[in-house]
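Visitor: Right, I'll just put the structure down here and ask away after.
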Amino acid sequence: MTQQLQQTQQMQMQPRDTDTRLGILETAVSDIRSVMQDIRSDLKTRSSINWAPVNIMLAVCTVAGGMFFTWVNSNNGRLEGAIAKVEARTEAYVPRQDLDTRFAVVSQRRDDLQRLTDARVERVERDLDTITKQLVPRGEHEQMWAAQRARDADLQRQSDQNRQGLYDLNTPRDTIQGMQRRIDELERDARTPARR
């Protein structure tokens, strides 16, 4: 095509008569027309769609899409089964809201019991302090017992001295009566609590 155009241009540059020039021009125009038709036919053939690769691609996409859809459906079925199992298992568990409510109630009860226990412990401590203040220490009791034993020993000694003195001064009858009175006095003293 380009050679024909170059030949046509070379011919146009040479001076000739008009008829030959017209003939050359007509051939050049017809050559251009034929070239244009060739170009047009090439463009038509190139611009027409080749349906074979499109059909192959469509078939491949259809098969791949069907396989993907089947895979998604099978996985969806498994997923729904797993969700059903989880839902069945969760029925055995307590919901979080119920646990929160229960924990709140338990903590309130624990706080109430703690306050009650603290009040009881304070009352027991007060009672213990009161009892401790009223108790006499063991050392004081031992001192009082030792003093009582000393008094009892002194009284026994006096009783023994008086008895001996009565035996020496009195008749047996007077001695017995005096002893009886002294025994009665001692018993009366023993019955009355000892004073400090």
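The values are calculated or read from the model by the stated rules, or taken from the named source; none is laboratory data. As the structure is a prediction and not an experimental result, all values here were calculated from the model. For neighbour counting, all protein chains shown are included, and Cβ atoms are generated from backbone atoms with ideal geometry for every residue, glycine included. Heads up: the accessible areas ignore ligands, DNA and RNA and are worked out on the full protein's heavy atoms, side chains in. Shrake-Rupley method; radii C 1.70, N 1.55, O 1.52, S 1.80 Å.
Visitor: Which chymotrypsin sites (Phe, Trp or Tyr not before Pro) in the stretch 38-123 pass both tests, a DSSP loop state and at most 11 other beta-carbon atoms within 10 Å?
Guide: For chymotrypsin sites (Phe, Trp or Tyr not before Pro) across the stretch 38-123 that sit outside H, G, I, E and B with at most 11 neighbouring Cβ atoms in 10 Å, the list reads Y93.
Visitor: Continuing with this model, one more query. Within the stretch 35-79, which residues have the backbone N less than 18 Å from the label spot 7 Å out from K85 along Cα→beta-carbon, could you tell me?
Guide: The answer is 74-79.
Visitor: Next question, about the same structure. Can you give me the angle between helix 138-169 and the longest principal axis of the chain, using Cα atoms only, in degrees from 0 to 90, rounded to the nearest 10?
Guide: Tilt of helix 138-169: around 10 degrees.
Visitor: With the chain treated as a Gaussian network of Cα nodes joined by springs under 10 Å, which of V106, V60, V94 yields the largest mean-square fluctuation?
Guide: Between V106, V60, V94, it is V60 that shows the largest mean-square fluctuation.
Visitor: Report Rg/Rh for the stretch 16-110, rounded to two decimals, where Rg is the Cα radius of gyration and Rh the Kirkwood radius.
Guide: That ratio is 1.80, to two decimals.
Visitor: Oh, and also: Which percent of the accessible heavy-atom area of the chain goes to carbon and sulfur, probe 1.4 angstrom?
Guide: Its accessible area is 57 percent carbon and sulfur atoms.
Visitor: Counting helices only, and only those DSSP H runs with n ≥ 4, report the 222 nm mean residue ellipticity of the chain as the sum of -39,500 (n - 2.57) divided by its residues, in deg cm²/dmol to the nearest 500.
Guide: The helix-only estimate for the chain comes to -32000 deg cm²/dmol at 222 nm.
Visitor: Cut-off 10 angstrom, C-alpha nodes, Gaussian network model of the chain. Which of G66, G77, G23 fluctuates the most?
Guide: Result for the chain, Cα springs under 10 Å: G23 fluctuates most.
Visitor: What residue among L43, L99, L135 shows peak mean-square fluctuation when the chain is described by a Gaussian network model with Cα springs under 10 Å?
Guide: Largest GNM mean-square fluctuation: L43.
Visitor: Treating each Cα of the chain as an identical point scatterer and ignoring solvent, apply the Debye formula and state log10 I(q)/I(0) at q = 0.11, 0.18, 0.19 Å⁻¹.
Guide: Each listed q corresponds, in turn, to -0.94, -1.24, -1.27.
Visitor: For the chain, build the charge dipole from Cβ charges (+1 Lys, Arg; -1 Asp, Glu) around the Cα centre, then report which of V136, Q180, A119 sits farthest towards its positive end.
Guide: About the Cα centre, the residue reaching furthest to the positive side is Q180.
Visitor: Let's see if you can work this out: charge +1 on each Lys and Arg Cβ, -1 on each Asp and Glu Cβ, no other charges. What is the dipole magnitude of the chain about its Cα centre, in debye to the nearest 20?
Guide: With Lys and Arg at +1 and Asp and Glu at -1, about 460 debye.
Visitor: Could you give the accessible area per residue of the stretch 36-189, probe 1.4 Å, as a whole number in Å²?
Guide: 90 Å²
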